[in-house]
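Novice: Quick one: structure below, then a few questions.
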Amino acid sequence: MTDANSEKVPASERPDALTVALNFLPLALIGLGATLAVRFASGGGAFALFMIWLYIVPALAGGAVSRLWRTPTGNFGTTDAGYRHWWLMLQLQMPFNRLPILEDALRLVPCLYPAWIALWGGKLSALALVGPGVLIVDRHLIRVGQGAVLGVRAGLSGHLATRDENGRWRIIVAPCEVGADAIVGAEAGMGPGAGLEPGAVLPAGRRLGPYRHWPKTPEGNSP
């Protein structure tokens, strides 16, 4: 998600070597998986081995990162450890963000998709309903309760890119939470730190920005 309300257009910032290098991580994982699959199998067996690699290895790696290096949350600059953690996790998940059909295929099998989300470090109840075209960008940063419904083409993102008062890049990172029996309407969206109370209904097309809750909370976060 990108904040379109930025009023300043600053001079561009040059990414450091690590940021650039991590851009190649998805391709490297795919290439290594394909190489190993062809090396140890052939025909349909090689394809099956590659698909197992594609689904399991990035998820296990991401889960290990999010558990061994506890996921930082907050507002980070591009040189902060929290930013680097998020960027690494984003690159591990990139094949599924670019090719949503890979993720939709998992949703055909009951309980398989929630188990896969758990590998990343996220939480999706096996009794939640995930509609067609739902986009989950940061799988390790979602918390979806029992009986919740994610409507058609709804979007959940655990991060948002913006700029500070000096025009420098900032990333807001926080879990996105959907309470038990809550409904995220069709094409609705939730940003980092956003929360949907148990049993609440977020109307179709409605967007919740960072740390906003629905309905209004006692702390004053308006929907």
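Novice: For region 120-133, just list the computed ³J(HN,Hα) in residue order, Karplus coefficients 6.51, -1.76 and 1.60, θ = phi - 60°, integers in Hz, with x standing in for Gly and Pro.
Specialist: Each residue of region 120-133 in turn: 6, x, x, 9, 9, 4, 5, 9, 8, 9, 10, x, x, x Hz.
Novice: I've got another one for you. In square angstrom, what is the accessible area per residue of region 18-59 with a 1.4 angstrom probe?
Specialist: 59
Novice: Could you give the nm distance between label points at Thr35 and Ala126, where each point is 7 Å from its Cα heading toward the beta carbon?
Specialist: About 3.8 nm separates the two model spin labels.
Novice: Here's a follow-up. Compute the FRET efficiency between Leu108 and Leu60 as 1/(1 + (r/R0)^6), taking r as their Cβ-Cβ distance and R0 = 25 Å, and round to the nearest 0.05.
Specialist: So the FRET efficiency works out to roughly 0.70.
Novice: Give the Rg (one decimal place) followed by the Dmax (whole number) of the chain, computed from C-alpha coordinates and expressed in Å.
Specialist: Over the chain's Cα set, Rg and Dmax evaluate to 18.3, 60 Å.
Novice: Sticking with this structure for a sec: Would you grab the residues whose amide H sits under 5 Å from the one on Leu135? Only those 5+ places off in sequence or on another chain, please, with H modelled 1.01 Å from N.
Specialist: For Leu135, the qualifying residues are Ala154, Gly155, Leu156.
Novice: Given points 7 Å out from each Cα along the Cα-Cβ axis, report the Phe47 to Arg153 separation in nanometres with one decimal.
Specialist: 3.1
Novice: Report in % the part of the accessible area of region 128-198 that belongs to carbon and sulfur, leaving out ligands and nucleic acids; probe 1.4 Å.
Specialist: It is 53 percent, rounded to a whole number.
Novice: Still on this structure, I have one more. Most mobile of Phe50, Phe40, Phe96 per a Gaussian network model of the chain (Cα springs, under 10 Å)?
Specialist: Looking only at Phe50, Phe40, Phe96, the biggest GNM fluctuation is shown by Phe40.
Novice: Rolling a 1.4 angstrom probe over the protein heavy atoms, how many square angstrom per residue are accessible across region 93-134?
Specialist: 51
Novice: Report the relative contact order of region 29-153, percent, no decimals, based on alpha-carbon pairs under 8 angstrom and at least 6 residues apart.
Specialist: This gives 20 percent for region 29-153.
Novice: Using a Gaussian network for the chain with springs between C-alpha atoms less than 10 Å apart, which of these wobbles most: Ala48, Ala204, Ala188?
Specialist: Judging by the Gaussian network model, the answer is Ala48.
Novice: To the nearest Å, what is the center-to-center distance of region 35-83 and region 135-185, using C-alpha atoms only?
Specialist: If we compute the Cα centre of each part, the gap is 20 Å.
Novice: Which value at 222 nm does the chain reach when only helices count, each DSSP H run of 4 or more adding -39,500 (n - 2.57), with the total divided by all residues and rounded to the nearest 500 deg cm²/dmol?
Specialist: Helices in the chain give a 222 nm mean residue ellipticity of -12000 deg cm²/dmol.
Novice: Sticking with this one: Testing the spin-label approximation: label points 7 Å from Cα along Cα→Cβ at Ala204 and Glu13. State their distance in nm.
Specialist: 3.9
Novice: Hey, another quick one. Report relative contact order for the chain in percent, whole number only (criteria: Cα-Cα under 8 Å, sequence separation at least 6).
Specialist: Value for the chain: 16 percent.
Novice: Where the only charges are on Cβ atoms (+1 Lys, Arg; -1 Asp, Glu), what is the dipole of the chain about its Cα centre, to the nearest 20 debye?
Specialist: 260
Novice: Also: Please list the non-local residues whose amide H lies under 5 Å from the amide H of Gly205, H modeled 1.01 Å from N, same-chain partners needing a gap of 5 or more.
Specialist: Those lying under 5 Å, H to H, from Gly205 are Ala186, Glu187, Ala188.
The values are calculated or read from the model by the stated rules, or taken from the named source; none is laboratory data. This one's a predicted model, so the numbers in the text were calculated from it and none came from an experiment. Cβ atoms come from the backbone with ideal geometry, glycine included; neighbour counts cover every protein chain shown. The accessibility values were calculated without ligands, DNA or RNA, using every heavy atom of the protein model including side chains. Shrake-Rupley method; radii C 1.70, N 1.55, O 1.52, S 1.80 Å.
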